[in-house]
Each structure stands twice: as C-alpha cells, then as structure tokens.
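Data block below; observations after.
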Amino acid sequence: MTKTVEIMAPAGSYESLHAAINAGADSVYFGIEQLNMRARAANNFTTEDLKKIVAICKKNNVKTYLTLNTIMYDHDLTLMKKICDTAKNSGVSAVICSDIAAMSYAKSIGLEIHLSTQANISNIEAVKFYAQFADVVVLARELTLQQIKTIVKEIKEKKICGPKGKLIGIEVFVHGALCVAVSGKCYMSLGTYNASANRGACLQNCRRSYKVIDEETGDELLVDNKYIMSPKDLCTIGFVDKLIEAGVNVFKIEGRGRAPEYVDTVVRCYKGAAEAVSNGKYSKEKIDHWITQLEKVFNRGFWHGGYYLGKKLGEWSGEYGSQATTEKIFVGVVQNYFKKNKVGQFLLEAGSLQEGNTILITGPTTGVVNGKIEKMIVNDEKSEVAEKNSVVTFKVDKQVRPNDKLFVIKEKKSA
Amino acid sequence: MPKIVHYRNKCIGCNSCVEHSPNNWKISSNDGKSDLIGSVKKKDTFVKKIREDEIVENELAARDCPVKIIHIFK
C-alpha cells in the first residue's frame, strides 16, 4: 500500500503548534478571535498571530487551516468577512467552515474551503452539494466505516470534484473527544447556561455525573454509571489500515484545548501508524505500544472504534476528567541552554528533581521536549537530588529556551 | 450610582447583552465583541455608571452572558 494520509493536528497554542510540527504533523488547524469552536479557550490566537503562524508553518512545510466554523448570526458577518480577508492575505491553506454565510463569502474571495464536521455530512448528496464550495469535507463522526467507504466510492464513480477541479477529499476524526450529541446538534449547554456549544462556548455539562429522581415519589433510581452522557474518547489506532483502505485522505486529531505533550504523543502515534500501514509494517505489537503511549496523555478512557465500527450505543466514560496513566508536575523554568554541550540550566522554583526522573519541557517556540535525567549538577556540585529553589544543569538533547517550563512525569497513583 | 463592569477581552460576541439592553451594548464592527456604550476603560475592564431603572435589564444580560464577564454593582 503506498497511499499517504495527511495527519492534521490541533494547535491551540504556540506550544502545541511547535509540538505538532516537531512530531511530524502534515497540517495544523487553529482558530483566531471568537468565531471558532474553542471561542471560550483561554489562549485563543488573535488576528495578529495569523501571519506568524502561517510563516512558521510554511517554513516547516506544514499546511494551515483556520477554523471559522460556528453558527453565525447577522452581527457576526462583519467579523467573519474580516477573518476571511485576513486569512486570504496571510496565505492560509484553507478555512474550515460550516455556516453557509462563511462558505459563500470565502468562495467569493477565492479562499479554499474545507467543510467542518459541524455540518455533519453523512451522505453522498450532501457531499455533492457542498462540492460547489469545498475541496475537502470532514465527514460526520457518527458514520460507520462502511458508510465512509460507500461515500468515497461514489465520489470516485460520480467524479465529484471541488472548486479546484480535484476529487473531493475526505477527512475524518481519528482521535479525541466525542460528543454525546451528533456534532453541531447539541443545545444542552445553550439551554442550561446560554453558552452555545455551536458558538464555541460549550460548558460540557454532559461530562458530569447525574442522578435520576422520580419527582412524584422522590425515589432515586440506581444508575449504574452516573456519567450517563459522557462518552469515552475516540481511538482508531487499531484500525487506521481500514480507514486508509476506505479512502480517507486526512486524519484529524481532536484537541485544540489540550496540552502540547498530548499533541506531541498523539501526532507521533498516528503518524507512525500511517507510515507503518504504507510500508506494510502495521502490527499488533505496534498497536499495543501506541495504545500504551496514548493512555499516558489526557483521555477519558478509550472507545476503540467509535461509531466507525458499528452503531452500538457509545461507551460511557465512568469517571470525570482525564484517565491518563501519567501526570505532569511543574517543577521549574529554563534559565539557559548551552547549545555546544547540549546542557540546560534550570531554576527549580516549584519542586524538586531526582536523577532518573522522566522530564518534559514545553515552550512557545520549543514545543515539547521529552527526556530523562542521567546526571545533574546542583548549585555547581554533582548530586542525585535537587531541592526546590536550587539551580540545576543537566543534559537535554534538543534545544530549550529561557522561560520554557520544566515538568516531572510521574505515574498516576489512581490509574 | 449603580455600575456595570465588563471584562471585554473574553467576550465571544454572542449578542445576548445587546438583546437585553440595546441602549447599553453594541457589537463592535471592529472585532465582533460587545462594546459597553459610553464606558470608561479601567485596566482590563470597561466601567459604566447606569441608572436604577437600567439595573434589571443588565442583570439579565449578566445572567445570560455565556462567559460571565458582565458584573453589576448596585
């Protein structure tokens, strides 16, 4: 099999952006200002960041996709047009939209369009309709593998092409959070808090535990799993060969709200899996290894297969928050890096270190650097332990930069 | 005198405040976020004194703000 698949990573911060690039992502997606599905996120990029992101990505031969995929109201149209114009001028590869207003404006200025999963494209006629605007469509996350296969087959048979004149590309989510509702059709957060999920402001109250009470008698029903609305996360690492065989061109990784080490790990696993499929080395042992790696970073437990492998009722999370098997503990910051000797100098302002510790360093230019402490110098003397507030130097294979954060990775006790 | 304090940076431009109190709120054509009309910038916030009879509609704006950045002081 020689088909190559594009690995698309989420970039919610400069740290994640660099982590994605360093891990081998072929493309990244990100939002600016508020008309995107992570409008609530603390560190959203601004219009000023756009050119910088595109420049960084172009230098690294990585494509850039700008998310502009919320529902839009009349009062949003001015901003939407501004964002499209800026995207066009900045040389963004494409915008990801779902609202017809955004699609038709982007088309009018010759900006490439990809259709968001928010449009829940689930059949070939929908693909045909959207082909007037888009060159790539993200299919609904709720389709089965067979349905995806049929759609791809029909695109080829009917020669359904986008504005660029090429067959419509098919993109699917391969990893990350699933929604209790069909993507784009959930009004729970809006109905309860006026915080619309479809405007990027989801409060995720579906993720909490719930009780069921009979109002007439006050009796509480015994619910086996109180997390009745919180699906586990999608994981497809065990059947990426099937997705490629079905004709999927782009593997999209969910998680613009996730930490850089999540982006790093998930991109590396799926990139590795896609490469293994193309050179015939995709194996059970490798899959097991990737799953262990994926379990170390944020997850709500995995639903291996998601809707793709059949429409049985989703698997429910059973716990609040992450079930990652490791956790990161902030211990200090980088003060200096001596390139010649590949040595980093750190100030342990928040915690202590020991020889043998597994460490993680993250920074807006550095992205993610993983390592292990072999030997260290503490306050100018050799030592096996470094207490809080000491200055430490040890070998770091890749360049790190002043003010990058240093973390220790520990096994999680509860996991 | 009652006042409104608006943490504008985090606004997602949902327009709820404009619907509740159109005389006090307006979506900016510049960046799509909500402007507190006639307010004064104080550090990260925008502050405006309002009349007693404007409290109710602005309390509704504060209640319905999805990112909880509107605060009313009576």
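Of everything in region B:1-58, what is of a type in the set (Lys, Arg), in contact (Cβ under 8 Å) with a residue 12 or more places away in the chain and within 14 Å of another protein chain (Cβ to nearest Cβ)? Give them in sequence order. Within region B:1-58, B:Arg8, B:Lys10, B:Lys33 meet the criteria.
Listed here are the residues, each with its yes/no results for (1) of a type outside the set (A, V, I, L, M, F, W, C); (2) modelled with pLDDT under 95.
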{"residue": "A:Cys97", "(1), (2)": "no, no"}
{"residue": "A:Ala126", "(1), (2)": "no, no"}
{"residue": "A:Arg141", "(1), (2)": "yes, yes"}
{"residue": "A:Lys166", "(1), (2)": "yes, no"}
{"residue": "A:Gly176", "(1), (2)": "yes, yes"}
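Apart from one condition, A:Gly367 fits all of (1) without any contact (Cβ under 8 Å) to a residue 24 or more places away in the chain; (2) in contact with a helix residue (DSSP H, G or I) (Cβ under 8 Å, 6 or more places away or on another chain); the exception is (1).
Scanning region A:364-387 for residues that are out of contact with any strand residue (DSSP E or B) (no Cβ under 7 Å at 6 or more places or on another chain) and either small (Gly, Ala, Ser) or loosely packed, with under 13 Cβ neighbours inside 10 Å (or both) turns up A:Gly367, A:Asp380, A:Glu381, A:Lys382.
Here B:Ile12 meets each of (1) at pLDDT below 95; (2) under 11 Å from the mean Cα position of the chain (by Cα) with one exception, condition (2).
Filter region A:172-230 down to the residues that are among the small types (Gly, Ala, Ser), more than 14 Å from chain B (Cβ to nearest Cβ) and surrounded by fewer than 16 Cβ atoms within 10 Å (Cβ to Cβ) and list them by number. Correct list: A:Ala181, A:Ser209, A:Gly218. Taken together, A:Val240, A:Val248 contain a single residue that is in contact with an Asp or Glu (Cβ under 9 Å, 6 or more places away or on another chain), crowded, with 23+ Cβ neighbours inside 10 Å and either modelled with pLDDT of 90 or more or closer than 30 Å to A:Phe330 by Cα (or both), which is A:Val248. Quickly run through region A:37-88 and pick out the residues that are within 12 Å of chain B (Cβ to nearest Cβ) and of a type in the set (Phe, Trp, Tyr). Across region A:37-88, the qualifying residue is only A:Tyr73. So A:Ala119 clears everything in (1) surrounded by fewer than 17 Cβ atoms within 10 Å (Cβ to Cβ); (2) in contact (Cβ under 8 Å) with a residue 12 or more places away in the chain; (3) within 27 Å of A:Tyr187 (Cα to Cα) except one condition, right? Which one? Only one criterion in (1) surrounded by fewer than 17 Cβ atoms within 10 Å (Cβ to Cβ); (2) in contact (Cβ under 8 Å) with a residue 12 or more places away in the chain; (3) within 27 Å of A:Tyr187 (Cα to Cα) is unmet by A:Ala119, namely (1). Among the residues here, A:Phe330 qualifies as surrounded by fewer than 16 Cβ atoms within 10 Å (Cβ to Cβ) and not in a helix (DSSP H, G or I).
In this entry, B:Arg51 passes the filter for residues that are surrounded by fewer than 19 Cβ atoms within 10 Å (Cβ to Cβ), farther than 27 Å from A:Met72 by Cβ and of a type in the set (Lys, Arg). Within region A:203-227, the set of residues being among the acidic types (Asp, Glu) and within 22 Å of A:Leu178 (Cα to Cα) comprises A:Asp224 only.
Per-residue answers, yes or no, for (1) farther than 30 Å from A:Ile32 by Cα; (2) of a type in the set (Gly, Ala, Ser); (3) touching a Cys at 6+ places or on another chain (Cβ under 6 Å):
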{"site": "A:Ala197", "(1), (2), (3)": "no, yes, yes"}
{"site": "A:Gly247", "(1), (2), (3)": "yes, yes, no"}
{"site": "A:Ile253", "(1), (2), (3)": "no, no, no"}
{"site": "A:Glu261", "(1), (2), (3)": "no, no, no"}
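Residues of region B:59-74 that are at the interface with chain A (Cβ under 10 Å from one of its Cβ atoms) and not in a helix (DSSP H, G or I): B:Cys65, B:Pro66, B:Val67, B:Lys68.
Filtered by the rule that a residue be assigned to a helix (DSSP H, G or I) and more than 12 Å from A:Gln147 (Cβ to Cβ), region A:115-125 gives A:Thr117, A:Gln118, A:Ala119, A:Glu125. Being assigned by TED's automatic domain parsing to the domain that holds A:Gly165 and over 24 Å from the mean Cα position of the chain (by Cα): is that true of A:Asp76 here? Yes: the conditions hold for A:Asp76.
The values are calculated or read from the model by the stated rules, or taken from the named source; none is laboratory data. Fair warning: this is a prediction, and the values are worked out from it, not measured in the lab. Here Cβ is always computed from backbone atoms with ideal geometry, including for glycine, and neighbour counts include all displayed protein chains.
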